[in-house]
Amino acid sequence: MGGLVELFQQPAVAATASVLVLTLAALTFFFFWRSTKARQARDQVLAREKRMQRRFEAVMSSTRDGILIVTQSDEIALLSDVAASVLGVSRDEAVGRPLSRLNLRAVDDRVHPIMLRQAFGIGTDDAKARIVGVPGRRGADDIRWVQVRARVVPEGLDDGPVTVVTIMDTSGLREAAEAISRSDAQFRKAMENAPVGMALVDLEWRLMEVNRAFAEMMGSTVSALRGTPFTSLSHPQDLHAESDQLQRLYEGHQNRFSVEKRYVRADGNVVWAVLDVGLVRYAGGAPDHYVVQVRDSTDDRMHTELMAHRAMHDPLTGLANRTLLQEVLQEVLDQPNPEQYVGVLAVDLDGFKALNDRFGHATGDSALVHVAGVLRAATAGHGTVARTGGDEFVIVVQHQDCSTTMYGIATAIHDGLKRPLPLKRHQVQLHASIGIAVADPDTIAGGAPTLLSAADAAMYRAKQTGKARTEVFEPSMHTASDTAAALVGEMSEAIERGELVLYYQPILELATRTIVGYEALVRWQHPTRGLLAPGAFLPHLEDRQVSTQLGTALVDQAAKFLAEGPSQHTWVSLNVSADQLGDSEFADRVLSAISHHHLSPQRLVVELTEASLVAPNTRIRHELTELRNAGVPILLDDFGTGVSPLSYLRDLPVSGVKLDMSFVAGIPEDPAGARVSRALGALARELGLATIAEGIETEAQAEYLARCGWRYGQGWLFGVAQPAQAVTEAVPVVTSSLIAPRPFESSPLDVSRADG
């Protein structure tokens, strides 16, 4: 030990040892530094690998496509969460296991089973994706369709190449496509079988697609209409009926629109159609195409026009009625300088009442139709011909040489009536008295009524001076207004003398053809002019006091007839106009007469005429309500016409309705009139109202109305109006069938047959 110390104490040895120690120390530091650097480098690589791993997993989890990596030995090297979810397998259990060990079955796009290696294309590079079916979530029979695409990576892992498979779930897209296809098929099926016309129209208003109903409406075929400009089907006068609406729809100012217009069918016939047009837009709002529903409105239009025509025309002759005449005449008088070209002819048949009495009402109607034809031919398009009532006609002439034209028309009328009319194996000669009035400052100032009165005055002068002739109005002639003034005073005295009497027309129950009541119709037994029908004096009766006096006098006559009549079970309806109501005098007289003669209130029925003069919540309505509350039934006359709109069924205390004879005249031959009468009857019965049809002249009409549910009927078929004595002596077969005054408070059975 001492020797070793002495050795190190030698300078040479000490120096060498020092160098050796320093060298060892340096080597130790170097190796420590290098290991530190290596560890740091390794840590950086590990950190980078972890970051890459996290990024890879983030990408794998965020992509909608699943990733499957399979080694050359079919071992699953990687399975993304998306792929595991799509395939319905556990990721932890799948990774590291052979692909064939997956609890998974697969089918091709024809639902044929295939191996998993084939399904996922292991070891192949797919030029395009394939569709594969794997188990779905809704049971064993459910299939989830996925899109698979494989790609081989040569240096994928240390042990060789791998196959990278992308998996995309296409079930949603497939279901959406199927839903779209199904929706499109349903739409086309609904369009093809729709009962109304349907069309898809492009933005150029050209037909892209139409259904069978539309093609039939246009008298064509579906294939022939495809590609046809929609406007080419329009009536020439309606070519641009929808243009403005289409522009507003295109610009977004409205969502849809409707328009009614005419189209010309392939056979040349014209149809009316209602178009309901909507615009289909893309998701961004840009217009795509129009969807058009086309409804055939020809029948509705014709029915409306028919109803409008009936409201303005005489149902027997087809001529204008008094309402249309007044409008036409006032319109021409309102034009500049009417005194230069406007005139009126008043035509009245001579001896028509005798003709009616001898041959009957039907023959008289035939004569009136014949006269209407003569007047049309004589006028030759130079004026408007109207029937104002009974055998009275008026012609409004508008011509530059008015006086000469009217003389020519009058002459042509006389010549036309010279030809005998064959009626029931007889040759009947008709004649007419004609009055002419030319517009002048005085008649123009008074309007249409004054000019008509002047023509009437001239016509009466023609009758007084021998009939079958023509007279021209002169100021010295009394006008109709003068005649009316005299008539009022004369009628007041006639009422006091008992010259105004009631005639009774039977009302029958259509099912049994037995009499249930009568309508009381007033006649004037004039001392010099003979028996006058209501049309000869009631239209001129404008004095309310005399009208009320007449109404109260007739109430007493009707009550006396019921008390002394042939049966104690029948009822009488009495016509009452609106101007006879309002001060309770009429109601007091009715109730007093019922009490005096010990009658059931249901046996005296009030038949309201001129209902258009009655407004809701007026004294007239209160008086009617007072009568109804006392048990007196209220009938609404002229049901179905413009005179008695349906609102009166709500606003007035109505117990029953009378179908206007204009609807009865054409049935059952006239299909429109038949439908209207059937519909009005159904409406009345639904409300529990008594139903009466007037103007029945044939068995066919009576049978049809009975089948339609009209309970009662009256007309020439069942008998004309007769005086009380004739009715009493006849001793008819009657049935007790009273009208319930309060139908809304009774059952339908009670209303249709209430025995008193």
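The values are calculated or read from the model by the stated rules, or taken from the named source; none is laboratory data. Fair warning: this is a prediction, and the values are worked out from it, not measured in the lab. Ideal geometry is used to build each Cβ from the backbone, glycine not excepted, and the neighbour counts take in all protein chains shown. These accessible areas exclude ligands, DNA and RNA; they are computed on the full protein's heavy atoms, side chains included. Shrake-Rupley method; radii C 1.70, N 1.55, O 1.52, S 1.80 Å.
Tabulated values for the structure
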quantity: Failed condition for residue 423, given (1) of a type in the set (A, V, I, L, M, F, W, C); (2) modelled with pLDDT of 90 or more; (3) touching a Phe, Trp or Tyr at 6+ places or on another chain (Cβ under 9 Å); calculated: (2)
quantity: Residue selected from region 436-456 under the condition acidic (Asp, Glu) and assigned to a helix (DSSP H, G or I), by the criterion surrounded by the fewest Cβ atoms within 10 Å (Cβ to Cβ); calculated: 442
quantity: Qualifying positions in region 82-137 - under 57 Å from the mean Cα position of the chain (by Cα), basic (Lys, Arg) and under 19 Å from residue 150 (Cα atoms); calculated: 130
quantity: Considering residues of region 618-633 that are surrounded by fewer than 16 Cβ atoms within 10 Å (Cβ to Cβ) and over 12 Å from residue 742 (Cβ atoms) only, the residue modelled with the lowest pLDDT; calculated: 618
quantity: Test: residue in region 45-62 that is among the acidic types (Asp, Glu), modelled with pLDDT of 80 or more and within 30 Å of residue 134 (Cβ to Cβ); calculated: no
quantity: Selection status of residue 740, at pLDDT below 75 and under 14 Å from residue 516 (Cα atoms); calculated: no
quantity: Pair list, Cβ under 6 Å, 6 or more apart: region 563-589 residue more than 27 Å from residue 712 (Cα to Cα) and of a type in the set (Ser, Thr, Tyr), other residue modelled with pLDDT of 85 or more and buried (at least 19 other Cβ atoms within 10 Å of the Cβ); calculated: 584/623
quantity: Qualifying residue in region 153-162 (condition: within 30 Å of residue 76 (Cα to Cα), at pLDDT 85 or above and surrounded by 17 or more Cβ atoms within 10 Å (Cβ to Cβ)); calculated: yes
quantity: Condition met for residue 271 (closer than 21 Å to residue 303 by Cβ and aliphatic (A, V, I, L, M)); calculated: yes
quantity: Within region 368-378, tally of residues that are open to solvent by less than 70 Å² (accessible area, probe 1.4 Å) and either in contact with a helix residue (DSSP H, G or I) (Cβ under 6 Å, 6 or more places away or on another chain) or of a type in the set (Gly, Ala, Ser) (or both); calculated: 4
quantity: Of all residues in region 524-537 being buried (at least 17 other Cβ atoms within 10 Å of the Cβ) and not in a loop (DSSP other than H, G, I, E, B), the one that is modelled with the lowest pLDDT; calculated: 536
quantity: Failed condition for residue 433, given (1) touching a helix residue (DSSP H, G or I) at 6+ places or on another chain (Cβ under 6 Å); (2) closer than 23 Å to residue 536 by Cα; (3) surrounded by fewer than 22 Cβ atoms within 10 Å (Cβ to Cβ); calculated: (3)
quantity: Single residue of region 680-693 satisfying the filter (assigned to a loop (DSSP other than H, G, I, E, B) and either among the hydrophobic types (A, V, I, L, M, F, W, C) or without any contact (Cβ under 8 Å) to a residue 60 or more places away in the chain (or both)) that is least open to solvent (accessible area, probe 1.4 Å); calculated: 689
quantity: Test: residue in region 576-586 that is modelled with pLDDT of 90 or more and open to solvent by 60 Å² or more (accessible area, probe 1.4 Å); calculated: no
quantity: Region 301-333, subset of a type in the set (Gly, Ala, Ser) and modelled with pLDDT under 75, residue surrounded by the most Cβ atoms within 10 Å (Cβ to Cβ); calculated: 311
quantity: Top-ranked residue of region 270-299 - restricted to ones that are open to solvent by less than 90 Å² (accessible area, probe 1.4 Å) and not in a strand (DSSP E or B), ranked as nearest to residue 201 (Cα to Cα); calculated: 286
quantity: Among residues of region 703-728, those that are surrounded by 16 or more Cβ atoms within 10 Å (Cβ to Cβ) and among the basic types (Lys, Arg), counted; calculated: 1
quantity: Test: residue in region 497-509 that is buried (at least 23 other Cβ atoms within 10 Å of the Cβ), in a helix (DSSP H, G or I), within 48 Å of the chain's Cα centre (by Cα) and modelled with pLDDT of 80 or more; calculated: no
quantity: Neighbours by Cβ (under 8 Å, 6+ apart or cross-chain): first from region 61-83, on the phi > 0 side of the Ramachandran plot; second modelled with pLDDT of 85 or more and surrounded by fewer than 19 Cβ atoms within 10 Å (Cβ to Cβ); calculated: 74/98; 74/117
quantity: Residues satisfying the stated conditions in region 236-269, i.e. in a strand (DSSP E or B), open to solvent by less than 70 Å² (accessible area, probe 1.4 Å) and either β-branched (Val, Ile, Thr) or over 16 Å from residue 214 (Cβ atoms) (or both); calculated: 257, 258, 259, 264
quantity: Of residues in region 379-396 being in contact with a Gly (Cβ under 6 Å, 6 or more places away or on another chain) and buried (at least 23 other Cβ atoms within 10 Å of the Cβ), the one farthest from residue 341 (Cα to Cα); calculated: 395
quantity: Identity of the residue in region 647-679, within 24 Å of residue 602 (Cα to Cα) and at pLDDT below 85, that ends up most open to solvent (accessible area, probe 1.4 Å); calculated: 650
